[in-house]
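This report concerns only the one structure given below.
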Amino acid sequence: MRFSSRRSTVFAGNGMVATSQPLAAMAGLRTMMDGGNAVDAAVATAAALNVVEPPSTGVGGDLFALVWMSREKRVRALNASGRSAAAASIDELARLGHSVVPAESACAITAPGAVSGWQALVETYGSVSLSRALLPAIEYASEGFPVSDVISSMWTGGVEKLKAHPSGAELLPDGRAPLPGEVVRLPELADTLRTVAEGGAGGFYGGPIGERIAEYVQRQGGWLTVEDLTSQEASWVEPISTDYRGVQCWECPPNSQGVNTLMALNLAEGFDLESMGLQSPDTYHHLIECMRLAFADGVPRIADPDAVEVPVAEMLSKDRAAERRGLIRPNGAMQSVPQGLAAHHGDTVYVAAVDGEGNACSLINSIYDSFGSGLVVPGTGIALHNRGASFSLDPSHPNALAPRKRPFHTLVPGMATRDGELWLTYGVMGTMQQAQGHFQVLVNMIDFGLDPQAALDAPRFRTSLDEGTYVEDLAPDEVAPELRRRGYDVTIGTPNAIFFGGGQVIERSPDTGALRGGSEPRNDGFALGW
């Protein structure tokens, strides 16, 4: 069974980049062809996405990455998510009458970590300078680029948010969203990227840009200071993994939600999915229940491990998975699953890059909601993210808002290795869809042997602890009625990368080094190789 997107799997031998915008993929490939490696290419692509897909990503957001260097034969994880301000206060928000952190407010702005992540990646593993990696993005921003159909639509959805503040005009050329094919220039953003290229993270956080960010956030009622910004530092952390049918699946540890994917895989390992059949109601049922149980265990516990203890070893215990698996009935949905945080719909970009030497970078960069908080720092073109909206205002919650704390993060880049060698570099963007997107793509490839493009083409579900279950209308006709018969609250949804996830996959043959890639058919995704 195949679900055709009319896209062919892309093959290459010298290097490949896959992401949601062809112009950004080309920026990464150019960098690789000019002497950069996979890490340089990923950073170049992420920076270019800031320009050509500004509703989703940018220097005003956060970043997570997994890196595989062929000479080291190990996966490393980078956490470049920002912390809350030193003055962040639950009590202050409560006095203002808030029960949640307002998503379109300055109080939702934590220190943007992306630039610290770009610098850490290039300094640690890159082959070219940060200024060289940012060159394509600067060219797009200053010389202009034609806007794609999907991005035009996303941009249109953010117009009212941007118009709420005068500086939003910097991201609204001619006072409106650009039309498909219209050439856009973002001069203020070009100047910001030049500053980063010349001065690195120090020039961004500690110079005039950092001062502008802090002054603007405080003027809008937020807490962020220059000291909060200059203390931002990306952290190399130990990745987490689990063995799934002989494949070692890797994720970033908390405060990322990658542990949700790994818990779902541990649960699914006890079922013979192959015999149930690709895209069968039985397979849907078991995968949905595995994901719901993973969310029930993970969402209430995932938080900043520097602030609270997150029991990752217990969460990834195979014995615990076996015990929890017993809650899954073969023919009926669980009617009671412990509640977690509410699902949230947002915007993110993902980059997969693999070079001819077998080095790889799996990178995800986001400003959370479309255009983040909607606050654009005057004179910079920087849309500031609103990741602080993920904090709880319940002081007893592990993810409670507190000074200098990283929030729960939906961002999860992925990798997979076999027999100690790189196999997959992949990711699926889409807030809470990311973990379950990873889960479904891995099952498609490991249990059912699909190639990267087919694994991304295949219909998906989206489930949560409090919003029911959604199934794409691409799924076989019998799936939704049978799931309803088993007790699920099922809604049929049309294919949409934000809701059902937008993924990229690059697979590497350990025998020949050949690369084959697939890219998301639900958006403007593109896998490009040479």
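The values are calculated or read from the model by the stated rules, or taken from the named source; none is laboratory data. None of these values were measured; they are calculated from a predicted model. Methodologically, a virtual Cβ is constructed for each residue, glycine included, from the backbone with ideal geometry; neighbour enumeration extends over all protein chains shown. Heads up: the accessible areas ignore ligands, DNA and RNA and are worked out on the full protein's heavy atoms, side chains in. Shrake-Rupley method; radii C 1.70, N 1.55, O 1.52, S 1.80 Å.
Out of everything in the stretch 166-212 that is in a loop (DSSP other than H, G, I, E, B) and in contact with a strand residue (DSSP E or B) (Cβ under 6 Å, 6 or more places away or on another chain), what residue ends up being farthest from residue 22 (Cα to Cα)? Show your work before the answer.
The initial filter retains those residues of the stretch 166-212 that are in a loop (DSSP other than H, G, I, E, B), namely 172, 176-182, 185-186, 206-207.
Imposing the further condition that a residue be in contact with a strand residue (DSSP E or B) (Cβ under 6 Å, 6 or more places away or on another chain) reduces the set to 178, 181.
Details: 178: 18, 181: 14 Å.
Among those residues, the one meeting the criterion is 178.
May I ask you to list the residues in the stretch 222-270 that are among the charged types (D, E, K, R) and buried (at least 24 other Cβ atoms within 10 Å of the Cβ)? If you could, list the steps in order and put the result at the bottom.
So in the stretch 222-270, the residues among the charged types (D, E, K, R) come out as 227-228, 233, 238, 243, 245, 251, 269.
If the condition is that a residue be among the charged types (D, E, K, R) and buried (at least 24 other Cβ atoms within 10 Å of the Cβ), then 228, 251 are the ones that fit.
Name the residue that is modelled with the highest pLDDT, counting only residues in the stretch 1-45 that are part of a loop (DSSP other than H, G, I, E, B), open to solvent by less than 20 Å² (accessible area, probe 1.4 Å) and in contact with a strand residue (DSSP E or B) (Cβ under 6 Å, 6 or more places away or on another chain). Break it down into steps so the answer makes sense when it comes.
Just the residues of the stretch 1-45 that are part of a loop (DSSP other than H, G, I, E, B), to begin with: 1-9, 13-14, 20-21, 34-37.
Pick out the ones that are also open to solvent by less than 20 Å² (accessible area, probe 1.4 Å) and you get 20-21, 36-37.
Narrowing the set further to residues that are in contact with a strand residue (DSSP E or B) (Cβ under 6 Å, 6 or more places away or on another chain) leaves 20, 37.
On the way: 20: 93, 37: 98.
Among those residues, the one meeting the criterion is 37.
Could you tell me whether residue 171 is crowded, with 18+ Cβ neighbours inside 10 Å, touching a residue at least 40 places away in the same chain (Cβ under 8 Å), under 24 Å from the mean Cα position of the chain (by Cα) and farther than 20 Å from residue 108 by Cβ? Working first, answer last.
On the way: crowded, with 18+ Cβ neighbours inside 10 Å: yes; touching a residue at least 40 places away in the same chain (Cβ under 8 Å): yes; under 24 Å from the mean Cα position of the chain (by Cα): yes; farther than 20 Å from residue 108 by Cβ: no.
The answer is no for residue 171.
Any residue at all in the stretch 328-351 that is within 21 Å of the chain's Cα centre (by Cα) and at pLDDT 95 or above? Write out each step before concluding.
In the first step, residues of the stretch 328-351 are kept if they are within 21 Å of the chain's Cα centre (by Cα); the result is 340-351.
Right, trim to at pLDDT 95 or above and you get 351.
Checked against the condition, which is being within 21 Å of the chain's Cα centre (by Cα) and at pLDDT 95 or above, the stretch 328-351 yields at least one hit.
Find the helices (runs of 4 or more DSSP H) located wholly in the stretch 395-513 whose residues include 2 or more that are in contact (Cβ under 8 Å) with a residue 24 or more places away in the chain, farther than 30 Å from residue 109 by Cα and small (Gly, Ala, Ser), and list them. Lay out the reasoning, then the answer.
On the way: elements: 433-446, 452-457, 479-485, 497-500.
Fully inside the stretch 395-513 and qualifying: 452-457.
Quick check: anything in the stretch 179-198 modelled with pLDDT under 95 and closer than 30 Å to residue 132 by Cβ?
Restricting attention to the stretch 179-198, the residues satisfying the condition of being modelled with pLDDT under 95 are none.
No, the conditions are met nowhere in the stretch 179-198.
Condition test on residue 446, is it closer than 29 Å to residue 353 by Cβ, at pLDDT 95 or above and touching a Lys or Arg at 6+ places or on another chain (Cβ under 6 Å)?
Values: closer than 29 Å to residue 353 by Cβ: yes; at pLDDT 95 or above: yes; touching a Lys or Arg at 6+ places or on another chain (Cβ under 6 Å): yes.
Here the answer is yes, as residue 446 does meet what is asked.
Against the condition crowded, with 24+ Cβ neighbours inside 10 Å and of a type in the set (D, E, K, R), how does residue 323 come out, does it pass? Before the answer, list the steps.
Values: crowded, with 24+ Cβ neighbours inside 10 Å: no; of a type in the set (D, E, K, R): yes.
When the stated conditions are applied, residue 323 does not pass them.
Take the conditions closer than 21 Å to residue 45 by Cα and surrounded by fewer than 21 Cβ atoms within 10 Å (Cβ to Cβ) and apply them to residue 160. Does it pass?
Judged against the criteria, residue 160 is not a match.
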